[in-house]
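Q: Pasting a structure below so you can have a look.
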Amino acid sequence: MNVDYIALSVPFFFILIGIELAYSFYKKLKYYRLNDSISNLSQGIGQQVTGIFMKTALFFGYTHIFENWKWFSMPQNVWIWIILFFSVDFFYYWFHRMSHQVNALWAAHIVHHQSEEYNLTVALRQSWFQSWFSWVFYLPLAFLGFDPVMFLTISAFNTIYQFWIHTRAIKNMGVLEHIINTPSHHRVHHGSNPKYIDKNHAGTLIIWDKLFGTFQKEEDVVYYGITKPLASWNPVWANFHYWHDLVSTAR
């Protein structure tokens, strides 16, 4: 059975948002702005609507490759689950990195970086079109023979994990900073500071950034957002403004 773990996690997401919001009020910290948070949530709703079609297409496409063209027959034991966990995280790293380096991919991914705040609602600010591109990066796993349900489960975990790291409330996690993607690492990723741009693309494990030279420790105060601010709360413009810039430049 194909369980939508991300949809099931939505109540948990909103509970954490409520806790962070209460904490920010209690500590008199300006983590939230109403207009920004509404914009973030509206983008998330739009992404869920458009994502329904692409998630279905990805599942059937992945399953078709798995059932007809897989190269190996993988058993469903604990070691295969562990290998798949590392594999999904590895391919996510490269998808995420390419989303910052290839214009067509950045045109979709840029939506996630437009907020000039950094709180848990930013995790829900997602492009309406990013899933149209991301699926290609994971197809090698179908050819290698990883079960579709196993893939969807690990992929969902990778996505759900990244929710909680969109916070300023957690400063440093000690020894875990060397292994996993933490709020500190991901704050850097959302920074528009020159030294922070295109750094820390990890999903769950920060080891990929350290292996491939894209790691940056949080040192200076982070300024959030994109280098050319969106200056609009219009969700349609948020999803299309970079495409407009690309077309205008090409003329």
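Q: Go through the range 117-148 residue by residue and tally those that are over 23 Å from Phe60 (Cα atoms) and either surrounded by fewer than 17 Cβ atoms within 10 Å (Cβ to Cβ) or free of Cβ contacts under 8 Å to residues at least 12 places away in the same chain (or both).
A: Final tally of qualifying residues: 0.
Q: Oh, and also: Go through Val221, Val247 for me and flag whichever is in a helix (DSSP H, G or I) and either among the polar types (S, T, N, Q) or exposed (fewer than 14 other Cβ atoms within 10 Å of the Cβ) (or both).
A: Details: Val221 fails: in a helix (DSSP H, G or I).
That would be Val247, the only listed residue that is in a helix (DSSP H, G or I) and either among the polar types (S, T, N, Q) or exposed (fewer than 14 other Cβ atoms within 10 Å of the Cβ) (or both).
Q: Give the residue, chosen from Phe163, Phe151, that is over 14 Å from Ile80 (Cβ atoms), buried (at least 16 other Cβ atoms within 10 Å of the Cβ), touching a residue at least 24 places away in the same chain (Cβ under 8 Å) and not basic (Lys, Arg). Can you show your working first?
A: On the way: Phe151 fails: over 14 Å from Ile80 (Cβ atoms).
The match here is Phe163.
Q: Okay, moving on. Only residues that are in contact with a Leu (Cβ under 9 Å, 6 or more places away or on another chain) and surrounded by fewer than 17 Cβ atoms within 10 Å (Cβ to Cβ): list them for the range 91-115, please.
A: Asn103, Ala104
Q: Select the helices (runs of 4 or more DSSP H) contained entirely in the range 102-200, then report the ones holding at least 2 residues which are hydroxyl-bearing (Ser, Thr, Tyr).
A: Details: elements: 103-113, 120-123, 131-134, 139-143, 148-161, 183-189.
Result: 131-134, 148-161.
Q: Which members of the range 8-37 meet the condition of being surrounded by 13 or more Cβ atoms within 10 Å (Cβ to Cβ) and assigned to a loop (DSSP other than H, G, I, E, B)?
A: Leu29, Tyr31, Tyr32, Arg33
Q: Among the residues of the range 209-218, is any under 30 Å from Glu67 (Cβ atoms), polar (S, T, N, Q), at pLDDT 95 or above and in a loop (DSSP other than H, G, I, E, B)? Give the steps one after another, and end with the answer.
A: Of the residues in the range 209-218, the ones under 30 Å from Glu67 (Cβ atoms) are none.
No.
Residues checked against (1) closer than 28 Å to Asp36 by Cα; (2) polar (S, T, N, Q):
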residue	(1), (2)
Glu117	yes, no
Thr121	yes, yes
Trp132	yes, no
Leu144	no, no
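Q: Here's something else I'd like to know. For Ala231, which of the numbered conditions (1) touching a residue at least 60 places away in the same chain (Cβ under 8 Å); (2) surrounded by fewer than 14 Cβ atoms within 10 Å (Cβ to Cβ) fails to hold?
A: (1)
Q: Just to be sure I understand the filter: pairs with C-beta atoms under 7 Å, separated by 6 or more residues or on different chains, first member in the range 1-23 and at pLDDT below 95, second member of a type outside the set (Ser, Thr, Tyr) and part of a helix (DSSP H, G or I). Which pairs pass?
A: Asn2/Phe59; Asn2/Val149; Asn2/Leu152; Tyr5/Ala156; Tyr5/Ile160; Ile6/Ala156; Ile6/Ile160
Q: Enumerate the pairs (first residue in the range 70-85 and of a type in the set (Lys, Arg); second residue anywhere and in a loop (DSSP other than H, G, I, E, B)) with beta-carbon separation below 6 Å, excluding pairs fewer than 6 apart on the same chain, so at least 6 apart or on different chains.
A: Lys70/Gly145
The values are calculated or read from the model by the stated rules, or taken from the named source; none is laboratory data. What you see is a predicted model; the values in this text were computed from it and never measured. Cβ: placed from backbone, ideal geometry, glycine included. Neighbour counts: every protein chain shown.
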